[in-house]
Structure formats: structure tokens, C-alpha cells
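Student: The structure follows.
The values are calculated or read from the model by the stated rules, or taken from the named source; none is laboratory data. Just so we're clear, the structure is a prediction, and the values are computed from it rather than from any experiment. Glycine gets a Cβ as well: all are built from the backbone with ideal geometry, and neighbour counts include every protein chain shown.
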Amino acid sequence: MPELKYNSAAEIDDAYETLQATFRAGTTRPLSWRKHQLNQVVLLLRENLDAIVQSFAGDLGKPRVEVITGEVGPIVRRTIQSVALLDEWASDERVAAPDWQQSWSPTVLKRPKGVVLVISPWNFPVFLTFQPLIGAIAAGCPAVLKLSEIGPGVSTLLADLLPKYLDRSAYRVINGGVPEVTHLLRLKWDHITYTGNGTVGRIVAKAAAEHLTPITLELGGKSPVLIDPNTTNLKIVAKRVLWGKSRNAGQICVAPDYVLIPRAAQDAFVEAIKEAAAELRLDDALASTDSYGSIVSEGHYRRLRNLMTTSSGTIVVGGNTNEERRRIAPTVYRDVKEGDSLLEGEIFGPLLPIVPVDDVRQAIEYIDAHPRPLVLYAFTEDPEVKQALRDETRSGGLHFNDVLSQAGVDQLPFAGVGESGYGNLTLKYTYDEFTYLRGSVDIPLTLEPNLSTRYPPYTPAVIEA
Ligand code: NAD
């Protein structure tokens with residue numbers, strides 16, 4: 001694994017000053033310049049695909065298929081769409097005002113907020129760095145990208161590649177740990193996006209508040225899976241849920257965190273889970289390099305091992321681990337009860353607790369009584385249950401009858417609510433995060449007679465009018 005080179009405080013200050021000067025000079029203003037930078041992003045990702053796949057080997061051991069479908073592919077697609085849609089997004093909008101104000105040319109101008117900071121995590125280091133970056137480029141904002149120190153392979157490669165493709169006076173990578181982020185957060189940014197855990201999210205929000213800097217927080221949480229056994233095929237459900245929990249070794253912000261199922265159906269679901277595990281070859285998860293990955297660091301491996309030893313649930317699938325390779329086989333627990341260690345914080349690993357409940361109604365109440373998740377998954381064909389979930393629960397996304405797929409729909413907003421964050425990142429939603437709306441009027445002096453009544457002295461005739 002390469003040793004990550006941390007940037008010095010002087011390099012951070014230099015990046016900041018350079019980007020400020022670039023913004024003031026208007027370099028990022030022309031749409032043609034922004035489109036060129038976006039096209040360079042596409043080139044960077046396409047020309048270096050093999051190196052990118054390779055850079056994941058030591059960090060997450062992410063299979064090539066998952067790097068293409070979950071990291072590089074969606075960004076290439078969204079960047080190309082951003083180029084195609086930028087003229088439309090950026091065009092000024094004339095608003096429909098009352099007749100007497102139409103001659104004022106009331107218009108909404110879309111303008112870049114300024115120089116922005118993007119802080120990204122290790123679990124999807126390409127996708128979660130480039131998604132805000134392409135929005136910042138499209139909006140005309142220079143950006144500093146603070147990559148995660150926990151995935152040194154990818155962070156080293158991106159620090160090397162970015163200056164070869166993008167204008168270095170507008171886009172800089174900063175690598176480092178807490179001291180470097182702390183230094184960055186002392187500076188005054190025009191917008192900050194932070195993707196990561198809620199504890200650090202609160203640190204970022206407090207630092208931003210010192211400068212009244214607007215922020216986007218993409219956080220995590222426990223995304224529940226509600227299963228309504230009366231209206232769904234448990235075999236298919238088990239396969240979909242287990243797949244979603246195994247991808248990236250469960251280290252996905254929208255991974256299914258735990259299952260809520262009526263008690264009477266738990267045995268049947270466990271049988272379906274066992275069949276799905278065989279079909280997905282989960283017995284190969286500790287050795288496979290093309291289908292399953294690793295836990296990112298020793299610290300996270302130990303955290304998950306600790307959860308495995310403290311849970312009082314019964315293992316029905318998996319349970320095997322390999323410390324040297326930081327591998328944990330997807331592991332499913334049944335009969336997990338409130339108070340179990342697996343139900344405390346976000347699991348962020350391949351462990352899946354099944355929590356039996358009395359019925360679907362109790363499951364809905366359980367979800368509503370807990371912090372707002374990033375996504376709520378429900379397997380049901382019952383229209384009343386669907387409507388109850390739409391009306392009675394709150395979550396960033398609401399996904400029926402599958403897991404993870406919502407994140408791949410380019411046109412949907414991607415965001416949390418409450419404890420899972422705020423602000424949206426996908427295509428125009430991202431562009432909007434980095435853009436401010438500037439209301440503008442232009443009132444010709446020739447209209448002076450129309451304004452005569454506004455000036456003092458206010459005569460009784462005017463007041464009555
Ligand atoms: P991480 O540890 O890589 O941290 C993210 C960034 O925060 C890094 O750049 C890191 O340097 C910085 N950081 C860490 N500690 C800090 C501190 N004390 N002060 C200031 N900055 C600090 O990533 P992570 O937080 O482990 O990422 C996993 C979390 O992110 C999970 O909770 C997951 O659900 C969430 N997540 C959310 C989304 C989303 O889109 N909503 C996407 C991916 C991950």
C-alpha cells in the first residue's frame with residue numbers, strides 16, 4: 001500500500017489563495033471553460049481506468065466490476081449529462097411578475113457561490129469525490145478536494161492524476177488527516193460539502209457556522225429493511241438484501257443495516273437467506289478477489305469483530321473472518337433484540353441483524369421512533385402499507401422492493417434528512433448546491449412618471465390610492 005503524502009499547512013494556504021485569485025479573475029465564469037474541465041474529468045476517468053481499479057487493491061480490494069459500476073461509470077455518465085445540460089441550468093430565468101412590474105425585467109441570475117471545499121470519505125472515494133466536484137465545476141466554483149486518509153491507494157492516485165487533467169489554478173487535492181482538515185476548516189469557504197459520519201459532520205457544521213458558510217452534509221445512519229411477508233416472495237427478498245449487504249463488504253452509506261420482519265415469518269426468511277447465501281457463493285467471500293472485498297482498515301476490522309463478539313443474536317449464515325486480509329464473510333443474525341450492540345450505531349460492514357417484530361404496524365412504529373435513516377427499504381405489495389410508509393415515516397429516500405438501486409437513478413435527488421444529513425447531490429441538484437440565486441431588476445429611468453407616487457411628501461390622495 002503506498003504511503004500517503006500529506007500536504008503541509010503552507011500548501012493548503014497556497015491552494016486557498018490561488019483558488020481565490022482564480023475566482024476573482026473570472027477564469028471559471030465562461031460556460032465553455034467549465035465544459036472543457038468537465039470533459040477533462042471524463043478523459044481522466046476513462047484513460048486511467050486500469051490504474052483506478054488497481055489503486056483499490058490495497059484499500060478495499062474492490063472488485064473491478066464494482067469499481068466500474070459503482071465508482072467510475074456513474075460519474076462518467078453524469079459528467080457527460082452535465083455538459084449537455086449546463087446551458088439550460090445556467091441560463092438566466094425571466095420571472096412572471098404582475099403586469100406593472102414586467103417592464104422592470106425581473107430575472108433570476110444563477111451565479112457561482114465562490115471557492116468551495118469538498119471533504120470525501122474512503123468507501124466510494126472516486127464517486128463521492130467526483131460527484132460534488134462535477135457540480136462545482138458546472139457551477140463555476142473552484143474547489144479544494146480533501147480526500148480520505150483511510151484509503152491511501154486511491155487518494156495517492158487522484159492527487160497525482162488531477163493536476164494532469166484539470167486546471168491547477170482552480171482544482172486542488174489536499175491529502176492529510178485531522179490536523180489538515182482542521183486547518184482547512186479555519187478558512188472561509190463559500191460552500192462546504194462533507195460526506196462521512198455524523199460525528200465529524202457536526203464538527204464541520206460548527207466550523208462552517210463560524211463563517212456562516214452554507215454546507216451540504218451527506219451522512220449515514222441505520223437504513224432499515226421492512227419485510228411484509230404476506231405480500232412478497234421471500235426468496236427474492238433474501239437474495240436482494242444479501243446482495244446489498246455484501247457489496248463493498250457492507251461499507252455503503254445506503255447498505256441495508258437491519259431487517260424488521262414479523263416474528264411468525266422469521267424461520268421462513270432465514271431459510272431463504274441460507275439458500276441465497278449458497279447461490280451468491282458467500283462461502284467464497286474470504287478468498288474471492290473478483291466478487292467480494294475487504295474491510296478498509298484494521299481499525300474498522302476490529303470494530304466489526306467487536307460487534308460480532310458482543311452481539312447476542314444467533315448466526316445463521318457466515319461468521320467467518322480472516323484478519324490478515326481484513327475479510328469478514330457476510331454474516332446474518334436472527335432473533336436480535338433491542339439493546340443488542342448491532343442495533344446501536346451504523347454497522348457499516350457485512351453484518352445483518354434480523355429483528356423480529358409483532359407485525360408490520362409495529363415495524364413502522366419502530367422506524368418512526370428511531371433517527372431518520374438515509375434510506376428506508378420496504379418489501380411489500382400492499383398499497384396501504386406503502387402509503388403508511390410514505391405518510392408516517394421520514395427518511396432521505398424511500399425504496400420499495402429492492403436495495404441500493406435508487407442511488408443509480410441520475411435524476412433523483414440523493415440526500416438525507418434529520419440525522420442523515422441535508423442538501424442534495426445529483427446532476428442539477430449538485431449544481432444548485434454550489435449556485436446562488438440572485439434576484440435582479442432593471443428599471444428604466446423613462447419609467448420615472450410611474451413611480452412618482454412613492455416619493456414624499458405622502459399626500460392624502462396618494463395614501464388613499
Ligand atoms: P472518513 O473517516 O474517511 O472521514 C471522512 C472525512 O472526514 C475524511 O476526509 C477525514 O479526513 C475527515 N475527518 C475525519 N475525522 C475528522 C475530524 N475529527 N475532524 C475533521 N475531519 C475529520 O470516512 P467515514 O466518516 O468513516 O465514512 C463513513 C461514513 O460516511 C458512514 O457513516 C457512511 O454512512 C457515511 N457516508 C455517507 C454517504 C452519503 O452520501 N450520505 C456516502 C458515503 C458514506
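Student: Pull out all pairs, ordered by first then second residue, where Cβ-Cβ is under 6 Å, the residues are six or more apart or on different chains, the first lies in region 323-346 and is within 16 Å of the ligand (Cβ to nearest atom), and the second is of a type in the set (S, T, N, Q) and in a loop (DSSP other than H, G, I, E, B).
Tutor: Here the result reads 326/294; 342/311, each pair linking region 323-346 to a residue that is of a type in the set (S, T, N, Q) and in a loop (DSSP other than H, G, I, E, B).
Student: Give the number of residues within region 41-65 that are in a helix (DSSP H, G or I) and either among the hydrophobic types (A, V, I, L, M, F, W, C) or more than 22 Å from residue 297 (Cα to Cα) (or both).
Tutor: Here the count works out to 15.
Student: List the residue pairs whose Cβ atoms are under 9 Å apart, where the first residue sits in region 46-68 and is modelled with pLDDT under 95, the second is basic (Lys, Arg), and the two are 6 or more positions apart or on different chains.
Tutor: 56/62; 56/64; 61/325; 61/326; 61/327; 66/247
Student: I'd like the full set of residues that are closer than 26 Å to residue 29 by Cβ, of a type outside the set (Phe, Trp, Tyr) and touching a strand residue (DSSP E or B) at 6+ places or on another chain (Cβ under 7 Å), limited to region 420-465.
Tutor: Once the filter is applied, which keeps residues that are closer than 26 Å to residue 29 by Cβ, of a type outside the set (Phe, Trp, Tyr) and touching a strand residue (DSSP E or B) at 6+ places or on another chain (Cβ under 7 Å), region 420-465 yields 423, 425, 433, 435, 437, 438, 439, 440.
Student: Given the residues 97, 90, which is the only one that is loosely packed, with under 15 Cβ neighbours inside 10 Å and either closer than 25 Å to residue 177 by Cα or of a type outside the set (D, E, K, R) (or both)?
Tutor: 97
Student: A follow-up question, please. Could you go through region 264-275 and let me know if any residue there is surrounded by 22 or more Cβ atoms within 10 Å (Cβ to Cβ) and charged (D, E, K, R).
Tutor: There is no residue in region 264-275 that is surrounded by 22 or more Cβ atoms within 10 Å (Cβ to Cβ) and charged (D, E, K, R).
Student: For residues in region 149-169 being crowded, with 24+ Cβ neighbours inside 10 Å and of a type outside the set (A, V, I, L, M), which is modelled with the lowest pLDDT?
Tutor: Top of the filtered list is 151.
Student: Let me ask something else. If you check residue 133 against the conditions, is it surrounded by fewer than 24 Cβ atoms within 10 Å (Cβ to Cβ) and part of a helix (DSSP H, G or I)?
Tutor: no
Student: While we're looking at this one, here's another question. Any residue in region 404-413 that is within 30 Å of residue 335 (Cβ to Cβ) and touching a residue at least 60 places away in the same chain (Cβ under 8 Å)?
Tutor: Yes, because at least one residue in region 404-413 is within 30 Å of residue 335 (Cβ to Cβ) and touching a residue at least 60 places away in the same chain (Cβ under 8 Å).
Student: Can you pull out the residues in region 146-186 that are more than 16 Å from the ligand (Cβ to nearest atom) and of a type in the set (D, E, K, R)?
Tutor: 160, 164, 167, 168 - these are the residues of region 146-186 that are more than 16 Å from the ligand (Cβ to nearest atom) and of a type in the set (D, E, K, R).
Condition check ((1) among the hydrophobic types (A, V, I, L, M, F, W, C); (2) at pLDDT 95 or above) across all residues:
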residue	(1), (2)
350	no, yes
372	no, yes
398	yes, yes
401	no, yes
406	no, no
411	no, no
415	yes, no
427	yes, yes
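Student: Which residue out of 430, 435, 446 is among the hydroxyl-bearing types (Ser, Thr, Tyr) and farther than 27 Å from residue 134 by Cβ?
Tutor: So the residue among 430, 435, 446 that is among the hydroxyl-bearing types (Ser, Thr, Tyr) and farther than 27 Å from residue 134 by Cβ is 446.
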